[in-house]
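Accompanying notes for the structure given below.
The values are calculated or read from the model by the stated rules, or taken from the named source; none is laboratory data. The shown structure was predicted, so the numbers you read here are calculated from the model rather than taken from an experiment. A quick note on method: Cβ atoms are made from the backbone with ideal geometry, for glycine too, and the neighbour counts reach across all protein chains shown. Accessible surface areas use protein heavy atoms only, side chains included; no ligands, DNA or RNA. Shrake-Rupley method; radii C 1.70, N 1.55, O 1.52, S 1.80 Å.
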Number of protein chains: 2
Amino acid sequence: MRITPEPTMRRLPHYLHFLKRQLENGVEKISSTIIAQALSLDSTQVRKDLEYTGVKGKPKTGFFVKELIQAILEFLTWTTRRDAFLIGAGNLGSAMLGYNRFREYGLNFVAAFDTDENKIGSEIYKVPIFTLDKIPSMARRMNVQVGVLTVPAHAAQTATDLLVEGGIKAIWNFAPTYVKAPKEVVIENHQFTESLAALTRKMVEVDFHLEKYRLSNLEGNRT
Amino acid sequence: MRITPEPTMRRLPHYLHFLKRQLENGVEKISSTIIAQALSLDSTQVRKDLEYTGVKGKPKTGFFVKELIQAILEFLTWTTRRDAFLIGAGNLGSAMLGYNRFREYGLNFVAAFDTDENKIGSEIYKVPIFTLDKIPSMARRMNVQVGVLTVPAHAAQTATDLLVEGGIKAIWNFAPTYVKAPKEVVIENHQFTESLAALTRKMVEVDFHLEKYRLSNLEGNRT
């Protein structure tokens, strides 16, 4: 198995989304050049990214849209249902429980956990809410692989430890702090403060960054 | 002005958060080694990151916590109020309008825009909702610098064009698609599908990634 570069992983959903729209519009075949133009990417980059999924485009005809969509979905394992726990049923957590489109990505919330006694025993968007101490036993019994953290920073490590104790394989961390887990547990941080920091600092450095991006694009073309 | 590496920008909020907690606990001085340990980072990395803010730690004593917090805030320009528009007052958009902590980062929503006639003319968390065609003139008049996109994919480019027409300087894009804007406009994509793709694919490749991470950590220590 090849190691997929993380930027490639992150671009694949964008290809997927674009390809789905093309399919809706009746497009059956597409070239990496067209995809690249539509998404403002370099076409060599697009070709390389798509190679990871195992689908080969043909010269002139390019890719079959349907086949490519399927290949990306399988590569990302989004065709497989994955049961998940959500820890922290506050504003963000509740919004996530109600977001139907996670199912499209295979993510299926089977239970949520919170410390608020008013929430425990109730349901949010039909997902039942439990106390945090139930996490390890329920995770093992239900064979839950993914834990989504939408707790405040101070509660993030405790929640992580309980998930790890339950044998969880991956943690999607929306809490505004880093968490620690054994190396074999995948941790994906998704903190808006990170991208806000990049946004606000780039506003100051924009001219310098334009130059840097220009250079890194040139490098991208060379490799 | 030095060009700040993007990973450095993205780590700074984590230092900030940790330092604020230390200050609350009465810690006045701190070393980069302690920060590194607490956040599971390499201490050389931490020192380098913090150098960008212009604050110098002293041998043995390290950094003054208060001074370092202030330096990071100023470096990220989070001490400056920045008026923002939010485009798309759906579930996510509404949650963002109600999220008080954006003010801590200088982000101040002054208006939101939606196509839903039932919302237009009303307020969400005291932020008034307007039709999208008002964006350019209002952005210019109010000197709004940041546009936050929480629209569906199909509406993202139209919204972006209107923001650009209004002279906006940065777009924080939560819509599940890329958008195009002139080079001088900072675009920061914040799509959960990106991190979900990384999460689910890493779950497959985890052993290979562990090896890769080990190697890149060694490199990190060497440079």
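Of note:
- Residue satisfying condition, being of a type outside the set (Lys, Arg), more than 13 Å from every other protein chain (Cβ to nearest Cβ), over 22 Å from residue A:96 (Cβ atoms) and open to solvent by less than 40 Å² (accessible area, probe 1.4 Å), within set B:132, B:86, B:73: B:132
- Subset of region A:33-62 [over 23 Å from the mean Cα position of the chain (by Cα) and part of a helix (DSSP H, G or I)]: A:33, A:34, A:37, A:43, A:44
- Considered as a group, the residues in region A:137-154 that are at pLDDT below 95 and of a type in the set (A, V, I, L, M, F, W, C) include one that is farthest from residue B:18 (Cα to Cα), and that residue is A:151.
- Pairs, first in a strand (DSSP E or B) in region B:168-188, second open to solvent by 20 Å² or more (accessible area, probe 1.4 Å) and among the small types (Gly, Ala, Ser), C-beta under 6 Å, six or more apart: B:187/B:181
- Close pairs (7 angstrom Cβ cut-off, 6 or more residues apart or separate chains): free of Cβ contacts under 8 Å to residues at least 40 places away in the same chain in region B:9-27, outside any helix (DSSP H, G or I) and open to solvent by 50 Å² or more (accessible area, probe 1.4 Å) anywhere: B:14/A:178
- Conditions (1) within 12 Å of another protein chain (Cβ to nearest Cβ); (2) within 22 Å of the chain's Cα centre (by Cα): number failed by residue A:24: (2)
- In region A:145-173, the residue that is surrounded by the fewest Cβ atoms within 10 Å (Cβ to Cβ) out of those that are within 10 Å of chain B (Cβ to nearest Cβ) and closer than 19 Å to residue B:15 by Cβ is A:154.
- Considering (1) without any contact (Cβ under 8 Å) to a residue 40 or more places away in the chain; (2) more than 30 Å from residue B:207 (Cα to Cα); (3) in a helix (DSSP H, G or I), the lone condition that residue A:71 does not fulfil carries the number (2).
- Residues of region A:143-166 that are β-branched (Val, Ile, Thr) and in a helix (DSSP H, G or I): A:158, A:160, A:164.
- Of the residues making up region B:146-172, those that are touching a helix residue (DSSP H, G or I) at 6+ places or on another chain (Cβ under 7 Å) and not hydrophobic (A, V, I, L, M, F, W, C) are B:147, B:150, B:165, B:166, B:167, B:169.
- Candidates in region A:174-194 are the residues that are more than 26 Å from residue B:149 (Cα to Cα) and either more than 11 Å from chain B (Cβ to nearest Cβ) or under 13 Å from the mean Cα position of the chain (by Cα) (or both); of these, the one that is surrounded by the fewest Cβ atoms within 10 Å (Cβ to Cβ) is A:187.
- For residue A:135: the one exception among (1) touching a residue at least 60 places away in the same chain (Cβ under 8 Å); (2) assigned by TED's automatic domain parsing to the domain that holds residue A:166; (3) not in a loop (DSSP other than H, G, I, E, B): (1)
- Any chance residue A:79 is open to solvent by 30 Å² or more (accessible area, probe 1.4 Å), part of a loop (DSSP other than H, G, I, E, B) and either within 13 Å of chain B (Cβ to nearest Cβ) or under 20 Å from residue A:4 (Cβ atoms) (or both): yes
- Residue selected from region B:1-17 under the condition in a loop (DSSP other than H, G, I, E, B) and at the interface with chain A (Cβ under 7 Å from one of its Cβ atoms), by the criterion farthest from residue A:197 (Cα to Cα): B:1
- Qualifying residues in region B:203-216 (those that are at pLDDT below 90 and at the interface with chain A (Cβ under 7 Å from one of its Cβ atoms)) - the one most open to solvent (accessible area, probe 1.4 Å): B:208
- Restricting attention to region B:50-65, the residues that are open to solvent by 30 Å² or more (accessible area, probe 1.4 Å) and within 15 Å of residue B:31 (Cβ to Cβ) add up to 8.
- Residues that are in a helix (DSSP H, G or I) and surrounded by fewer than 18 Cβ atoms within 10 Å (Cβ to Cβ) within region A:18-32 comprise A:20, A:21, A:23, A:24, listed in sequence order.
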